[in-house]
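**Q** Before anything else, here's the structure in question.
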Amino acid sequence: METRSTDLPPVAKAYNQIDRNAFVFGWNPQAELWNGRLAMIGFVAYLLWDLGGYSVVRDLFHLV
């Protein structure tokens, strides 16, 4: 069978043979991926908040 450049690769499975991007509740390999993704979103949100002038860290240093 000929493969074309538009063909998508098969979905990579995790250790528990479930789609790695599936949102599965509990302690599982997917939880680590979602935790990392949400942490990155939170970090970027805080950087934007800080650049907007609402710095929590700078206010804490003024107290010291």
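The values are calculated or read from the model by the stated rules, or taken from the named source; none is laboratory data. From a predicted model like this one, the values you see are computed outputs, not experimental measurements. Surface areas here come from the heavy atoms of the whole protein model, side chains and all, with no ligands, DNA or RNA. Shrake-Rupley method; radii C 1.70, N 1.55, O 1.52, S 1.80 Å.
**Q** Roughly how much of TRP34 is accessible, in Å² to the nearest 10, using a 1.4 Å probe?
**A** So the heavy atoms of TRP34 present about 80 Å² to solvent.
**Q** So, taking all protein chains as they sit and a 1.4 Å probe, how much accessible area belongs to ASP19, in Å² rounded to tens?
**A** Surface accessible to solvent at ASP19 totals approximately 50 Å².
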